[in-house]
Structure formats: structure tokens, C-alpha cells
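Every number here is computed from the coordinates shown, using simple stated rules; none is lab data. Since the model is a prediction, treat every value here as computed from it, not as a measurement. Note that each Cβ is placed from the backbone with ideal geometry, even for glycine, and that neighbours are counted across all protein chains shown.
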Amino acid sequence: MGGLMHLSGFQRHLMGAIIFGGMILLPILVIGLANGPADSYTGAPGEATCGSCHGTASGNGSLVISGTPAKYTLGQTYPITVTIQNTGQTRWGFELAAVDAAGKGAGQFILTDPVNTQLSDNAAPARDYVKHTAAGTFNGTLDGPVSWSFNWKAPNVGPGKITLFAAGLAADGDMTPAGDIAYSTSIATSCCKVPGDANGNGVFSGIIELTFIINYLYKGGQAPSCLEQADANGDGIVNVRDITYIINFLYKHGPNLVCP
Ligand code: HEC
Ligand SMILES: [Ca+2]
Ligand SMILES: [Ca+2]
Ligand SMILES: [Ca+2]
């Protein structure tokens, strides 16, 4: 049973190199995981997912965003949870962004669990990202499900439709991108509750809304707090057609006002 003493000079040298290499490598791996994945891998427009490095093997699990309301209230805070599971996998990760129709980051993330989640708080209009920490990979949790929770505060002035995009990873815990299964999902939320309520006071009052939209479009007036509520014909843009549509609705038995 040869100990170190019985190794040749070359073998001893090799051993030293492996030990030395391991000491250097370990902190890098740990730092890598503590930092979490790089920004911009949520599957949002213009972004790839974790699968671009971790392969695209298909799994038997799921990635779900819960807590997002179908309709958000301006300025209100919502607890959001991201849950992932996959039989046989043992280590987990995620990244999430909230993006408006123009592709900009929307609203604000507030961490409620800084042990397991961290925030990339980027200067607007860049997107912010919530993602796992090293502890938040829940290493050794066989099959899952595991979840991460945080708050999302809707913007005070609504850019309209906002979509939460999440990418998740069901990993095998070998500290390499091999053997892992990538997921992505998204869910949309809208501020439009009262179609045609351009001034955002909660009720539709015909001529008052028309005046508000005309002022906004042609006289540099205040923007609707929820832009979608001024998009009365629901075609995704606020313009003169919405004015005509509202006039038709009010005075010519035209079709109902809608949310886009
Ligand atoms: C640019 C390439 C790249 C992207 C994109 C990437 N990763 Fe990784 N990931 C790595 C590498 C390389 C490792 C190996 C360990 C290390 O270097 O930190 C790793 C390791 C991991 C591990 C541990 C894997 C295991 O089997 O133990 C998790 C968990 C993880 N990444 C999560 C994510 C998540 C979640 C995303 C997407 C939001 C993501 N990664 C996107 C390169 C990437
Ligand atoms: Ca792996
Ligand atoms: Ca109103
Ligand atoms: Ca319109």
C-alpha cells in the first residue's frame, strides 16, 4: 500500500499540480455560483436561456412563475414565486426579468430572501434581474420542487403590458454545464382594467376621456397612467383611431371599448 513516499518524482510532481490546481479552481467555482448566472439569460426578447451553455436536453419537469396578477394595479407590490422541479436532478437555478412591450425593464424587484436570491439592479432603461445565490441552488435537493420568492412592484405609470420572463436550470450538481436541463417560461400582466379610462380615475366618462386623449396626443398633455386604457380599440397603439372609436361607441352605437 504505497504512500506518498513510494511515488516517483514525476508522480509527486503531478500530485502537487493536482492539489495546487484544485485549490485555485475551487474558489473560482464558488465565486462563479455565488455571482449566479450572468444577466440577460431569461429568454426575454433578445436574450438566450441557460440552455445556451447548459445544453438543451429535455426533462420531465417544469418551471412555473406564480403570483403575477392578470391585471396589475399601478404602484402595487406583488409577491412572486418561481418554482422548478425535475425528477433525478439535484441542483437548481433561475433568472427572471420584467419587460414592457418596448423591451425595457418594468417595475422594481425587492428581495425578500437575500440568502437564496440576489438582484442585478441595472440603470434604467436596462432590465433588472433576480437570480439565485450559491445557497439558492439548493444543492442536494433531489427532484425538487424548489422555489425562490421575491417582490415585484408594478410601475407607478403603466407602460401597458408587462411580461415576466424566467429561465431555470435543473442541474445534476456536478459543477459543470453537462447533464443539466434548461427551462424557460413567461407570463404577461396588464394594467388595463377599465377600457377607455384614459385619465385613470377608475371610471369611463365619455367626453372627459376624449379630451384627455386629445390633450395627450396633440397638446403635450399628461400621458395616461395606464397607456392601455387609452387604447380603446385594442390595437396596441394609442392614436387618432382610438378617438374615432370612442366617438363611434358613444354616439353611433359602435362596438364596445376593449383592453388590448
Ligand atoms: C455563459 C455560459 C453559461 C450560462 C448562460 C449559464 N451558465 Fe450556469 N454554469 C456555467 C458554467 C461554466 C458552470 C460550471 C460551474 C462554474 O463555472 O461556475 C455553470 C454551473 C451552473 C450550475 C451548477 C451546475 C451543476 O451541475 O452543478 C447552476 C445551478 C447554474 N449554472 C445555473 C444557471 C442558470 C439558472 C442559468 C440561466 C439563468 C445559467 N446557469 C446560465 C455557465 C453558464
Ligand atoms: Ca451539471
Ligand atoms: Ca376616467
Ligand atoms: Ca388603439
Item to check | GNM result for the chain, Cα springs below 10 Å: residue of Val238, Val82, Val99 fluctuating most strongly | outcome: Val238
Checklist entry - Where q = 0.12 Å⁻¹, what log10 of I(q)/I(0) comes from the Debye formula for segment 54-111, counting one point per Cα? => result -0.42
Checklist entry - Could you name the aspartates and glutamates in cross-link range of Lys193, using Cα to Cα under 19 Å and dropping any fewer than eight places away on the same chain? => result Asp100, Glu209, Glu228, Asp231, Asp235, Asp242
Checklist entry - Using alpha-carbon pairs under 8 Å, 6+ residues apart, how would you state the relative contact order of segment 192-260 in percent? => result 34
Item to check | Local net charge near Ala182, Cβ-Cβ under 15 Å (Lys/Arg +1, Asp/Glu -1) | outcome: -2
Item to check | the chain: calculated mean residue ellipticity at 222 nm from DSSP helix runs of at least 4, using -39500 (n - 2.57) | outcome: -7000 deg cm²/dmol
Checklist entry - What are the semi-axes of the equivalent ellipsoid of segment 192-260, taken as the square roots of 5 times the eigenvalues of the Cα gyration tensor, listed largest first and rounded to whole Å? => result 16, 13, 11
Checklist entry - How about Lys104: which aspartates and glutamates have a C-alpha closer than 13 Å to its C-alpha, ignoring those fewer than 8 places off in the same chain? => result Glu47, Asp128
Checklist entry - Calculated FRET efficiency, Gln76 and Ala188, Cβ-Cβ r, R0 25 Å, to nearest 0.05? => result 0.90
Item to check | Ratio Rg/Rh, restricted to the chain and using Cα atoms, in which Rh is the Kirkwood radius | outcome: 1.20
Checklist outcome for this item: Expressed as a whole-number percentage, the relative contact order of the chain with C-alpha contacts under 8 angstrom and at least six residues apart is 20
Next on the checklist: Using all alpha carbons of segment 37-189, what is the percent of pairwise distances in each 5 Å bin, ordered from the shortest bin to the longest?
Outcome noted: 2, 10, 21, 24, 20, 12, 7, 3, 1, 0
Checklist outcome for this item: Per the C-alpha gyration tensor (a ≥ b ≥ c, the square roots of its eigenvalues), segment 116-201 is rounded if a/c is under 1.5, else prolate if a/b beats b/c, else oblate; here it's prolate
